[in-house]
Structures are given as structure tokens and as C-alpha cells.
Amino acid sequence: MRHVFETMGTVASIELPETVTTELDTVREIFTAADQRFSLYAPESELSRIASGTLTLARASSAVRESYERSIQWRIHTSGLFSPNRPDGVIDLNGIVKAEAIERAGAHLDSVGCPSWTINVGGDILVRTDRAPWVTGIADPSDDRSLICSVVLAGSRRAVATSGSAQRGDHIWRGCELGPTHFVQVSVIADDIVTADVLATAIVAGGQEALDDVTGRWPIDVLAIDRGGALMATPGFREAIAA
């Protein structure tokens with residue numbers, strides 16, 4: 001059964017077997033807690049209080065400090081293309097917390113023995129299936145009502161994340177600049193959702209050079225679409241495209 005609800009400024013779609021629909025409340029609580037803790041739009045959230053100076057990072061919850069530390073490690077790995085700090089110094093964990101919430105929700109469903117589930121939050125998808133393969137769509141950046149292709153998630157490839165300006169405008173920082181990027185949309189298939197989400201953002205921020213670097217260092221599959229509409233896909237992504 002599919003369950004849909006709003007969370008973290010977007011829409012979540014959760015598919016669960018009827019036998020475990022009682023776990024939906026816990027899944028929703030995971031996203032609600034993340035939104036309440038990390039949203040920079042809610043003045044009472046921990047990140048908003050850190051930004052305003054009424055709370056220090058050292059006194060923040062372990063969840064905030066762990067997400068920040070994880071983001072710092074990704075900043076190091078991506079040579080700064082992914083960062084938890086905006087140029088104005090504000091800590092902004094938007095680039096990782098949604099994926100972490102998806103990750104936690106999936107871990108919970110695994111822990112209660114759910115054999116098959118799908119979590120789709122704003123187009124970032126993580127699956128567990130007792131049947132293979134799983135086919136999911138990639139949105140067309142020029143028309144969010146259409147798909148540019150469908151891809152197969154199979155084996156260890158359980159996650160796909162998409163980043164870019166199609167849905168939210170130009171919101172990804174490139175160093176100290178915020179504006180048009182070379183790629184309007186990047187989709188990454190990976191074994192875990194955090195890697196997929198972070199590296200999709202890094203490639204958008206870094207353009208062609210980042211695409212070459214990231215695909216050379218991580219076992220991921222990528223589809224990148226530039227502002228002229230040209231598509232660049234790694235061999236693995238081309239193989240994953242459903243007939």
C-alpha cells in the first residue's frame with residue numbers, strides 16, 4: 001500500500017505491505033523529528049537557534065552534531081563541493097538531512113522485518129524488495145509531469161537521488177557563488193541514499209570536472225543533464241535504463 005504525506009518541504013511516498021502498515025507512524029515520526037530539528041525555516045529548530053546565536057553547536061543535540069560531523073567528512077572527500085556551511089557562515093544541513101532521514105526510516109523498516117518497502121521523498125528513493133528488479137522514474141527537468149527515463153534498481157543498487165535547479169531553482173552554492181550551474185539536473189544511483197544525494201549535489205556544484213572526478217572515485221552511476229539539454233550517462237546508468 002502507498003502512503004503519501006508532506007514533510008521537509010516536499011512530499012513523501014511510502015510503499016509498505018499491508019501487514020506492516022502499523023510502522024507508518026514511526027516512519028512519519030522520523031521525518032517529523034528531522035524537520036523540527038534541522039529546518040532553517042522554523043525559528044524554534046536547533047539549526048535556526050544556532051544560526052541566531054541562541055544555541056551553540058557544542059550544546060546542540062547529538063543528532064545535530066553527528067550530522068554536521070558527517071557533512072564535514074563529505075566536504076573533505078569532495079574537496080569542498082559539498083559543505084554544511086554557507087558562505088555567510090550559517091550551518092545548513094539541508095544537503096544531507098533528508099537522505100539521513102530516509103536512511104533511518106529504511107533501517108527501522110529492516111529492523112522490524114519488513115521484507116519489501118519503498119521510500120520516495122522528493123524524488124530521492126531508497127528501496128528494499130523481495131522481488132527484483134525495481135523500476136523507478138527520473139523526472140524530466142523541463143517538465144516535472146514527465147519522465148526522462150526509467151531505471152532499474154537491482155542487487156546492491158538500492159538508492160537513487162536527484163539534485164539540480166529544476167524543482168527549487170538555483171539553490172546550490174559553488175564556493176561563494178549562488179547561481180546557474182553547468183548541469184540543471186544530476187541523478188546518481190548508489191548503494192546507499194546518503195552517498196547518492198551528497199554526490200549528486202557535488203556534481204551539480206562542480207560541473208563537468210566534478211563529474212569526471214566523482215565517477216572516478218566512487219562506484220556510482222550518473223545521469224547529468226546540462227543547460228542545453230544534452231544528456232551524459234555513465235555506462236552503468238545506461239545499463240540501468242529500463243527498456
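The values are calculated or read from the model by the stated rules, or taken from the named source; none is laboratory data. Only a predicted model underlies this, so the values are computations on that prediction, with no experimental measurement involved. Counting neighbours? That spans all protein chains shown, and the Cβs are built from the backbone with ideal geometry, glycine included. What goes into the accessible areas is simple: the full protein's heavy atoms, side chains included, and nothing from ligands, DNA or RNA. Shrake-Rupley method; radii C 1.70, N 1.55, O 1.52, S 1.80 Å.
Table for the structure above
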item: Subset of the range 64-85 that is more than 18 Å from Ala210 (Cβ to Cβ) and open to solvent by less than 30 Å² (accessible area, probe 1.4 Å) - its residue that is farthest from the chain's Cα centre (by Cα); result: Val64
item: Odd one out for Arg65 among (1) in contact with a helix residue (DSSP H, G or I) (Cβ under 7 Å, 6 or more places away or on another chain); (2) without any contact (Cβ under 8 Å) to a residue 24 or more places away in the chain; (3) assigned to a loop (DSSP other than H, G, I, E, B); result: (3)
item: Residues within the range 183-196 that are out of contact with any Ser or Thr (no Cβ under 7 Å at 6 or more places or on another chain) and under 15 Å from Ser163 (Cβ atoms), tallied; result: 8
item: Every residue from the range 110-137 that is over 18 Å from Ala224 (Cα atoms) and part of a strand (DSSP E or B); result: Trp117, Thr118, Ile119, Asn120, Val121, Leu126, Val127, Arg128, Trp134, Val135
item: Residues satisfying the stated conditions in the range 138-160, i.e. assigned to a strand (DSSP E or B), open to solvent by 30 Å² or more (accessible area, probe 1.4 Å) and touching a strand residue (DSSP E or B) at 6+ places or on another chain (Cβ under 6 Å); result: Asp140, Ser146, Leu147, Ile148, Ser150, Val152
item: Scope the range 190-205; condition crowded, with 24+ Cβ neighbours inside 10 Å and either out of contact with any strand residue (DSSP E or B) (no Cβ under 6 Å at 6 or more places or on another chain) or among the charged types (D, E, K, R) (or both); matching residues; result: Asp197, Val198, Ala202
item: Test: residue in the range 87-100 that is over 19 Å from the mean Cα position of the chain (by Cα), without any contact (Cβ under 8 Å) to a residue 24 or more places away in the chain, exposed (fewer than 14 other Cβ atoms within 10 Å of the Cβ) and outside any loop (DSSP other than H, G, I, E, B); result: no
